[in-house]
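Visitor: One structure, pasted below without further comment.
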Amino acid sequence: MPHSEPHNPQAEMALVGFGEAGESFARAGNWRGHAAGWDLLAQRRAIMRDCGVEAAINAGLALADAEIVLSLVTADAALPAARDYAPLLRAGAIWCDMNSVAPGTKREAALAVQGAGGKYVDVAVMAPVDKGLAVPLLLAGPEAEQARALLAGLGFTSTSVVGEEIGRASAIKMIRSVMVKGIEALTYECAAAAREAGVFDEVMASLDASERDWNWARRVAYNRERMETHGARRAAEMEEVCRTLEELGVEPVMSRGTVERQRAAAVHKNTQRNQAA
């Protein structure tokens, strides 16, 4: 990715964690002279220098002067990072937790940051980070508007505040992932079975023919009604689907879950009907 013109940041900033996201943002931002960084891996710290980020020799030096911090660690390290580094923040510094973790995890991290005198903002990154500073960001928390202004100064161009409740931005991302990652997994399972059975082209053509040009709200309403009305029958069919996949040597991980969801939807509908009677 080519270097862009400097964005003349309005604040000194730091990056904690320098993987794909940190590198993409730094190269796009060209924050040379305004940014310090820290990563546990020495090889990642070496890359920082090439991206215009001062590679600190320890976390304390990286965070000492930062008004805003971008936390870009792995999901399992998000909470430990907040707890470990919060005491190193300058008073009033904003910790932008950009990690893909559950709302509850972000609320726990917020307690650590706020308890140390910092300000915590829940940030959800809503697209691949190769978009650089144009990647859509959702912000939530009492200091979200302040963080939004600082992020704009760093060059981020697509930020939205979704509320003052910490965890709200994360909830949007996590729940969206049920569909996005779930469809990916279903696609993988379906395609694997179709190839094993030698009917890939036919299955793909059938899916194309049944595709509806609907928005997601309409699609959800339709799917829910079908499940509640026909869930018991569809659960029985999906049990046979599971058997089919097993015969082909494809583990029906997603399909087993579909059996349970279809059956539960039918039970829910019947319970509502009985209560109304």
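Visitor: Quick one: of the DSSP bridges fully inside the chain, what percent are antiparallel, nearest 5?
Guide: Values: 4 of 26 bridges.
Counting only bridges with both partners in the chain, antiparallel ones make up about 15 percent.
Visitor: What distance in nm separates the two pseudo spin-label positions at Asn58 and Ala185, each 7 Å out from Cα along the beta-carbon direction?
Guide: Those two pseudo-labels are separated by 4.2 nm.
Visitor: Kirkwood hydrodynamic radius of the chain from all distinct Cα pairs, in Å?
Guide: Values: mean 1/r = 0.0467 Å⁻¹.
The answer is 21.4 Å.
Visitor: Rounded to the nearest 0.05, what FRET efficiency do Arg49 and Ala77 have when you use their Cβ-Cβ distance and R0 = 30 Å? Mind showing how you got there, number by number?
Guide: Details: r = 22 Å, r/R0 = 0.75.
Here the calculated transfer efficiency is 0.85.
Visitor: Choose one answer from Ala93, Ala75, Ala169: the residue with the largest mean-square fluctuation in a GNM of the chain with alpha-carbon springs under 10 Å.
Guide: Its mean-square fluctuation being the largest, the pick is Ala75.
Visitor: Still on this structure: What Kirkwood hydrodynamic radius, in Å, does the stretch 173-276 give when the mean of 1/r is taken over all pairs of distinct Cα atoms and then inverted?
Guide: Details: mean 1/r = 0.0659 Å⁻¹.
Across the stretch 173-276, the inverse of the average 1/r is 15.2 Å.
Visitor: Between Arg273 and Thr244, how many nm apart are label points set 7 Å from Cα along the C-beta direction?
Guide: For Arg273 paired with Thr244, the spin-label model returns 2.6 nm.
Visitor: Moving to a separate point now. Dipole of the chain, Cα-centred, from +1 at each Lys and Arg C-beta and -1 at each Asp and Glu C-beta, to the nearest 20 debye?
Guide: Details: 30 positive and 36 negative charges, 152 e Å.
The dipole magnitude comes to about 740 debye.
Visitor: Which distance in nm do the two modelled labels at Arg224 and Asp84 give, with both placed 7 Å along the Cα-to-Cβ direction?
Guide: 4.2 nm
Visitor: With 21 Å as the cut-off, how large is the P(r) tail for the stretch 13-165, expressed as percent of Cα-Cα pairs?
Guide: On the way: 4154 of 11628 pairs.
The proportion of pairs with Cα distances above 21 Å equals 36 percent.
Visitor: What area, in nm² and to one decimal, does the C-alpha convex hull of the stretch 79-121 cast on average over all directions? Don't skip to the end; give the middle numbers.
Guide: Working: hull surface 9.7 nm².
The number I arrive at for the stretch 79-121 is 2.4 nm².
Visitor: Determine, for Glu196, Glu189, the number of other Cβ atoms within 10 Å of each Cβ, and report the residues in order from fewest to most. Don't jump to the answer; show the numbers that get you there.
Guide: Working: Glu196 15, Glu189 19.
Least to most surrounded, the residues fall as Glu196, Glu189.
Visitor: Something else about it: Please give the calculated 222 nm ellipticity per residue for the chain, where each DSSP H segment of at least 4 residues contributes -39500 (n - 2.57) and the sum is spread over every residue; nearest 500 deg cm²/dmol? Provide the component values of the computation, followed by the final result.
Guide: Details: 10 runs with 153 residues, N = 277.
When only DSSP H runs of four or more count, the value is -18000 deg cm²/dmol.
Visitor: Further, regarding this structure: Mind listing the long-range amide H neighbours of Ala36? Cut-off is under 5 Å, sequence gap 5 or more, other chains count too, H placed in the peptide plane at 1.01 Å from N.
Guide: Met13, Ala14, Leu15, Glu54
Visitor: Take Tyr188, Tyr85 and order them by how many other Cβ atoms sit within 10 Å, fewest up front.
Guide: Numbers: Tyr188 13, Tyr85 24.
Exposure proxy ranking, most exposed first: Tyr188, Tyr85.
Every read-out reported here was derived from the displayed coordinates using simple, explicitly stated rules and does not represent laboratory data. The structure displayed is predicted, hence computed values, not measured ones. Every residue, glycine among them, receives a Cβ derived from its backbone with ideal geometry; neighbour counts consider all protein chains shown.
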